[in-house]
Amino acid sequence: MTAASSLGSMTSAPGLGSKDVGGSWALWETLAKKHTDFGRPSVFEGNIDEAKWLSFTVTLRDPTFFNLMEAFTGNEAGTGGLVTFTDSNWLMSIVLAHQPHFINQPKDVHVFWGYGLFPDEKGNHVEKKMSECTGKEILTEVCGQLGFNEHQGLILETSNCIPCMMPFITSQFMPRVMGDRPLVRPVGTSNFAFIGQFCEMPDDVVFTVEYSVRSAQTAAYSVLGIDKEVSPLYKGQYDPRVVFDAFRTMMH
């Protein structure tokens, strides 16, 4: 998912890598040539324009941005979810985690994360594609979306925004048919298995840590003959609390 990722800086935009950078896809490509039961990696690696996102992290040495965001949302950092700018040409979202987010993070330092789903669109406040923007330009767009223009100079001066282009971050969601992803234990194999976001497991959902964990459990227990149950799926659609909350929301 993060293969060929590239970092920019406050003054430079990240580059766009390919599947050949770092060799992350090479093992699966080699296996897939051996047998059709080993999946078709080209389905997932073959369309970067459909799979890429641009993510960014911001380190702030001044609390102004956090104070403004908490006043804007009514949520203390770490208590709310993603804030998505629905009018953003980049369809940009940010999230403020509970601080400190990192071990040994200084008390006067704050960090937050964001991303844009349409990196090839021009911004509403910065007339450039997101993929071509420096960290400073991305943070300028964030301030513009939030109406923090009065404080923009201070925020830019005391912040470090690092953009990250991820060519394959949603490649596991690419349109597919049965057989494009290999089973964890392909029929007839005895001494290896597939794990991670690109193997086939019924009823489960990719882009989660749990998918990777359950695929690894399935592989290890199966190959090694361990008599243990794989961690069960949470099926929220059958949880009475979830159903009730959904009904209440619809009625409102």
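Only the coordinates and a few stated rules stand behind these numbers; no lab work does. The model shown is predicted, which means the values in this text are computed figures rather than measured ones. Here Cβ is always computed from backbone atoms with ideal geometry, including for glycine, and neighbour counts include all displayed protein chains.
Using the Cα centre of the chain as origin and beta-carbon charges of +1 (Lys, Arg) and -1 (Asp, Glu), tell me which of Ala246, Asn124, Gly196 is placed farthest towards the positive end of the dipole. Value computed over the given set: Gly196. With r defined as the distance between the Cβ atoms of Met10 and Phe173 and R0 fixed at 25 Å, what FRET efficiency is calculated, to the nearest 0.05? Calculated transfer efficiency: 0.20. Taken over the chain, the ratio of Cα radius of gyration to 2.2 N^0.38 Å equals 1.19. Could you let me know the centre-to-centre spacing of region 1-57 and region 179-195, using Cα atoms, in angstrom? Cα centres, region 1-57 to region 179-195: 21 Å. Using Cβ point charges alone (K and R +1, D and E -1), the dipole size of region 1-173 about the Cα centre works out to roughly 500 debye.
What pairs in Lys52/Lys136; Lys52/Lys107; Lys52/Lys122; Lys107/Lys136; Lys19/Lys136 have C-alpha atoms more than 26 Å from each other? Distance filter (> 26 Å) returns Lys52/Lys107; Lys19/Lys136. Measure off 7 Å from each Cα along the Cα-to-Cβ vector at Arg61 and Lys228, then give the distance between these two points in nanometres to one decimal. Rounded to a tenth, the inter-label distance reads 4.7 nm. Seen from Lys19, the other residues with C-beta closer than 10 Å to its C-beta sum to a net charge of -3, counting Lys and Arg as +1 and Asp and Glu as -1. Computed from backbone phi with θ = phi - 60° and the Karplus coefficients 6.51, -1.76 and 1.60, the 3J(HN,Hα) list for region 139-154 is 5, 5, 5, 4, 4, x, 4, 8, x, 8, 4, 4, 9, 4, x, 5 Hz; x is used for glycine and proline. The helix-based estimate of mean residue ellipticity at 222 nm for the chain, built from -39,500 (n - 2.57) per DSSP H run of four or more residues and divided by its residue count, is -8000 deg cm²/dmol to the nearest 500. Label positions at Leu154 and Val187, each projected 7 Å from the Cα along the C-beta direction, are separated by 6.7 nm.
At 0.36 nm per residue, and after removing the present C-alpha to C-alpha distance, how many nm does the segment from Glu70 to Met250 gain when stretched out fully? Please list the in-between numbers first.
On the way: separation 180, 0.36 × 180 = 64.80 nm, distance 2.80 nm.
Here the segment from Glu70 to Met250 would lengthen by 62.0 nm.
Stretching Asp108 away from Ala220 to a fully extended chain increases their span by 35.9 nm, per 0.36 nm per residue minus the current alpha-carbon distance. Summary of the geometry: region 67-138 and region 207-252, compared by the centres of their Cα atoms, lie 29 Å apart. Listed from fewest to most Cβ neighbours within 10 Å, the set Trp90, Trp113, Trp28 follows the order Trp113, Trp28, Trp90. Ranking of Tyr221, Tyr238, Tyr115 by neighbouring Cβ atoms within 10 Å, starting from the fewest: Tyr238, Tyr221, Tyr115.
When peptides 224-233, 73-82 are sorted by average Cβ neighbour count within 10 Å, with the highest value leading, the order is 73-82, 224-233. Counted residue by residue at 0.36 nm each, then reduced by the alpha carbon distance between them, the extension gain from Gln237 to Leu27 reaches 71.9 nm. The Glu121 and Asp203 beta-carbon pair, evaluated with R₀ = 30 Å, returns a calculated FRET efficiency of approximately 0.30.
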